[in-house]
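Supplied in structure tokens, the structure appears directly below.
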Amino acid sequence: MSPTPRQRPAHLSAEERAARGREARAAVRRADLGGYTPAKDRRDPVAILEEQGLARQQDLLPIRYGRMSASPFTFLRGSAAVMAADLAPWPTTGLRVQAIGDAHLSNFGVFATPERKLVFDVNDFDETLPGPWEWDVKRLVASVVVAAEDNGADRATAVAAARRTAAAYRLSMQGFAADTTLDVWYAHLDFEDWVRTRGRKSRQAVNERFLQKTRARTSAQVVGKLTEVVDGELRFKDQSPLVSPLRDLVPPDEEKVISDRLRRGFAAYRLSLAPERRHLLDEFRVVDVARKVVGVGSVGTRCLIALFRGRRDDDHLVLQFKEATTSVLEPFAGPSRYRQNGAQVVHGQRLVQVASDVFLGWTALVPEGQHYYWRQLKDMKGSIDLGWLDAKAFDRYLEGCAWCLARAHARSGDPIAIAAYLGAGTAFDKAMAAFGSAYADQTKTDWEALRAAIAGGRLEAVTGV
């Protein structure tokens, strides 16, 4: 039974919603989700990367290619557009959620809620867009296989880890389907409790050090690392090419024009915040701006950081405003309801993330027409080095990622319908493991193509940056 235009899925009965999931299963078998072979007309993956690079800052592209060439996993991290094109030809269940769009293992991490609690959740939303829930799961399990093999696991061990990840997603979704709407909305993974109660005693000292380091990652730490005193005022240090003060990038005769544009962009960003958060932001004044290189796949998009001073000399805030481009899912999942790409990122993040940065907002720069979203550069944010995890810790990490992804999908989609599609058996788990293995092979082939393009001079790459 399909809902009428006036009858939203959330307003159907539980049985009607479950029937939607069973109908989807009849149309697209769970085993069918495990299939992957490259399309006969598959585009050259390097050409896709080159196409993305046309609108990016050209001087930074060699850093992007260098970072992506380091390993199959770093290639996967930067090739969300390639994978989106590979997923698009395959049938989907028709059950849509606010898809993350880039749900690989390194896009989960730790951050602080406004109440200063550390939680574990999805932490990258550059590609978020309404789309099929299974695309996110496929990207996650493919990243499990690739990351496990990068860390020295054999294929059988890596595929088994992908299967456990899919099972954790399925079981988590079944749990959310049984919860009330508010239970799903409030569900979160308390990171401190998680590592203290589930980690092995032999690793507790290491876990405590990680917690301490994460809590220390604040604007104050950023100021200590990235700034220096110039003429009595803090300014960003030149750490090119990774951090470049705007005053060194802009010719003197253009400085006023650029400053005016940034000022107007900041005013528009301010209006995207709730009134009480505008009041908080108004307690600070801008001191300096710099360009900063971030991530792997994001390198080359325009990303700047702004230093703000509060009421005292030791009172600082560092915000990042990062270019928001069209989601890689949009050509295949349909256009965004938002004309402003920054708004798409922000609203998508607010919908599925347990708690968002109080300074999260968006703006555009005129006349360039570039879209940006704003957030704190560091607010007790921490990412977990996958190579640092032993086998048991890696399994716990996978379980946490799967739970968070299921929770994101349950908040934005229909958990009862998705759970009914998944079923109680292991058919879905086996299918995802098969897909993860097949797409890991594709990733390695594409990674080798990138390395060949670099070696042959088609692309320029800078490594170690």
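Can you work out ³J(HN,Hα) from phi for every residue in the range 179-188, in order, using Karplus 6.51 cos²θ - 1.76 cosθ + 1.60 and θ = phi - 60°, giving whole Hz and x for Gly and Pro?
Computed from phi, the couplings for the range 179-188 are 7, 6, 4, 5, 4, 5, 5, 8, 4, 8 Hz.
Here is a follow-up. Going through the cross-link list K138/K322; K117/K237; K138/K444; K40/K322, which pairs have a Cα-Cα distance over 25 Å in this structure?
Violating the 25 Å limit, Cα to Cα: K138/K322; K117/K237; K40/K322.
Here's another thing I want to ask about it. Counting other C-beta atoms within 10 Å, which of D395, D86, D390 has the fewest, and how do the rest follow?
With the fewest neighbours first, D395, D86, D390 line up as D390, D395, D86.
Here's another thing I want to ask about it. Under the Karplus relation 6.51 cos²θ - 1.76 cosθ + 1.60, θ = phi - 60°, what is the ordered set of whole-Hz ³J(HN,Hα) values for the range 270-282, x standing for Gly and Pro?
Running phi through 6.51 cos²θ - 1.76 cosθ + 1.60 with θ = phi - 60° gives 4, 6, 7, 8, 5, x, 5, 7, 4, 4, 4, 4, 5 Hz.
How do 371-381, 134-144 rank on mean C-beta neighbours within 10 Å, highest first?
Most protected by this proxy first, the peptides run 134-144, 371-381.
With the cut-off at 1.5 for a/c, could you classify the range 68-115 from its C-alpha gyration tensor as rounded, prolate or oblate?
Oblate, since a/c reaches 1.5 and b/c is not below a/b.
Okay, next question. Sort 277-286, 43-52 by packing, meaning the average of other beta carbons within 10 Å per residue, with the highest value first.
Per-residue Cβ counts within 10 Å, averaged per peptide and sorted highest first, yield 43-52, 277-286.
Go through the range 344-357 residue by residue and turn each phi into a ³J(HN,Hα) via Karplus (6.51, -1.76, 1.60, θ = phi - 60°); whole Hz please, and just put x for glycine and proline.
Couplings: 4, 5, 5, 5, x, 5, 5, 6, 10, 8, 4, 7, 9, 3 Hz.
What is the packing order of peptides 404-411, 71-78, taking the mean over residues of other C-beta atoms within 10 Å and listing the highest first?
The packing order, highest mean first, is 404-411, 71-78.
Another one. What are the residues whose amide H is under 5 Å from the amide H of T227, where those residues sit 5 or more places off or on another chain and H is modelled from the backbone?
For T227, whose amide H was placed from the backbone, the distant partners under 5 Å are K237.
Here, each number is a calculation from the coordinates, and none is a lab measurement. Please read all numbers here as calculations on a predicted model, not as lab measurements. Counting neighbours? That spans all protein chains shown, and the Cβs are built from the backbone with ideal geometry, glycine included.
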